[in-house]
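All of the numbers you see were taken from the coordinates with simple rules; none came from a lab. Please read all numbers here as calculations on a predicted model, not as lab measurements.
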Amino acid sequence: MKSYRGVWGVALLLVYGTACAATEEIITADPLKSFFNEEYDLGSDYFTHGKDNTLLFRCVIDVDGDGLEDMALSELSIWGNRTGPVEIFIGLPDGKFRYAYTEDYSSTLSERCENRVEVCKAAEYATSGRCTWHEGFSPPQ
């Protein structure tokens with residue numbers, strides 16, 4: 001009878017390696033850059049590079065209650081009725097951020113971000129690497 005020990009070992013390594021890759025932490029000094037350039041495989045699909053000039057959204061709040069500023073990011077073209085997916089980045093003591101999860105804005109974020117919502121035109125960020133943030137959901141013309 002043939003031994004399948006080697007085959008099972010390879011299969012186990014593939015499964016373990018895939019699970020580890022799926023849970024890899026994403027640490028960034030610039031959450032907006034990571035979000036805009038899709039530098040991580042988690043979260044929702046966004047249209048920051050579409051033909052229309054979509055609006056980037058952010059809300060800076062303390063999501064996890066540790067006293068450090070965290071950041072919620074999204075883009076508004078995929079939203080309906082003022083809600084949609086938002087990427088949550090948790091602030092770290094060294095000033096960097098860790099991607100945490102995707103949450104729907106209509107969850108607790110809508111209340112927590114009510115007066116802290118800011119927008120920027122995606123085209124501005126695409127051409128300059130910077131955003132001029134404006135309060136509310138609509139930037140000035």
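Brief remarks on what is shown
- Each principal axis of the Cα cloud of the range 27-135 was taken in turn, and the coordinate range along them, longest first, works out to 39, 30, 27 Å.
- Between amide H atoms placed 1.01 Å from N, distances below 5 Å from Ile26 occur with Tyr99, all of them 5 or more places distant or on a separate chain.
- Looking at the range 83-141, the pairs of alpha carbons with a distance over 15 Å make up 64% of the total.
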